[in-house]
1. Scan the range 329-346 and tell me whether some residue there is over 24 Å from Tyr285 (Cβ atoms) and aliphatic (A, V, I, L, M).
2. Pick from Val359, Val334: which is open to solvent by less than 60 Å² (accessible area, probe 1.4 Å) and at pLDDT below 90?
3. Please verify whether Thr25 is within 20 Å of the chain's Cα centre (by Cα), closer than 30 Å to Gly317 by Cα and free of Cβ contacts under 8 Å to residues at least 60 places away in the same chain, treating the condition exactly as stated.
4. Starting from residues that are in contact (Cβ under 8 Å) with a residue 60 or more places away in the chain, open to solvent by 20 Å² or more (accessible area, probe 1.4 Å) and more than 25 Å from the chain's Cα centre (by Cα), keep the ones in the range 132-165 and report whichever is farthest from Phe349 (Cα to Cα).
5. Just wondering, is there one or more residues in the range 112-134 that are of a type in the set (A, V, I, L, M, F, W, C) and closer than 13 Å to Arg203 by Cα?
6. Among the numbered criteria (1) free of Cβ contacts under 8 Å to residues at least 12 places away in the same chain; (2) more than 21 Å from the chain's Cα centre (by Cα), which one does Arg203 miss?
7. Of all residues in the range 179-207, which are aliphatic (A, V, I, L, M), open to solvent by 10 Å² or more (accessible area, probe 1.4 Å) and not in a loop (DSSP other than H, G, I, E, B)?
8. Tally the residues that are in contact with a Ser or Thr (Cβ under 7 Å, 6 or more places away or on another chain) and small (Gly, Ala, Ser), restricting the search to the range 278-317.
Amino acid sequence: MDFNFSDDQEQLRDAVRKWVDRSYTFERRRGIVNAGGFDRAAYGELAELGLAGLYVSEDHGGMGMGPVEAMVVMEELGRGIVLEPMAQTLLASGVLGAYAGEAVKADWLPRIAGGEALVVLAHQERRSRYRLDACETQASRSGDAWTVNGSKSIVPAGDQADAFIVPALNGQKIALFLVERTAQGVSTRGYGTQDGGRAAEVRFDKAPAVLLTEDGSTALEHAVDVGIAATCAEAIGVMDKTMQLTVEYMNTRKQFGVTLATFQALRHRLADMKMQLELARSMSYYASLKLNAPTDERRRALARAKYQLGVSMRFIGQNSVQLHGGIGVTDEYVGSHYFKKLTQLEMTFGDTLHHLGEVSARMQDTAGVFA
């Protein structure tokens, strides 16, 4: 199998990396954190690069690209610990493109691709614990009109988004709906997250909704898997930069008159970190390449990938802090913000133990088939 990137993919990587290096400096990011954790202007700049339209078809004003291009982009955004929720844009445009009716596509996809509309997934509930089948939000129908009642938690940029993709119970089955943030009956409470980003609690009180698909479970699983693949790729970028910062520190900081990099035991620690990074990188590739696989195969692959990424993120983050010493957790030092980002990403779309359980359960199901 050829794992080399095409010229177009390398040019895309280069464009995003240059934007991060020139336009999304640590000082600008700190200002965004202090202002609340989301900057519409920065998101607009990402859209101007075409990134918001990666998964949007050319017919609707997008780039019509696929999972590998998304992986390339998310790695570079991870290197800059960019706060704006591009992973949410990818999964939202993917879900709308695959499951929404033509009228919804024509209305929303061009605006998403142009950066005029931010649509995010609002699926977590207080008692769901990462389970996608745990849903208490209810949908009601009156003629051709739908309304949604319920609450969603930790919605990325929830008080800044233009619309939400909302799973809700239609009888005993989960359906997927589109709800605008400014619709009557929608209320939000925003707050900062551990990594400096922004999330919100969202309440729907008979909020008008547009039905996307009655097979909400299938669509939701697909959306989350797109999000997992994007999260894995973003984590690779964060870990890459964390390694770079750690190596630079060890080549500069002196102990007993020599640099820390002189000590063989510490060099072995770096080698272990590098090994974990490359294991994670391989699983990130695996996740992206399996996004278009049949559902069961895709779900197994994404659970395996997120488990390995979780292990690697924790190992690299903790070892980086230990090798830095006290400076590694100070707010003034950029490395501490990479550590926070890794901590947050491990919890995103299911933590490591959750996905270990998913892998185990799916292995048992597969064993049962061949028993």
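The values are calculated or read from the model by the stated rules, or taken from the named source; none is laboratory data. Everything numeric in this text was worked out from a predicted model, so none of it was measured. Heads up, the Cβs are rebuilt from the backbone with ideal geometry, glycines too, and the neighbour counts pull from every protein chain shown. Quick note on the areas: whole protein, heavy atoms, side chains included, nothing else; ligands and nucleic acids left out. Shrake-Rupley method; radii C 1.70, N 1.55, O 1.52, S 1.80 Å.
1. Checked the range 329-346: at least one residue is over 24 Å from Tyr285 (Cβ atoms) and aliphatic (A, V, I, L, M).
2. Just a single option satisfies the conditions, and that option is Val359.
3. no
4. Ranking the candidates gives Ala145 first.
5. Looking for residues that are of a type in the set (A, V, I, L, M, F, W, C) and closer than 13 Å to Arg203 by Cα, one finds at least one in the range 112-134, hence yes.
6. Result: Arg203 passes all but (1).
7. Val186
8. 4
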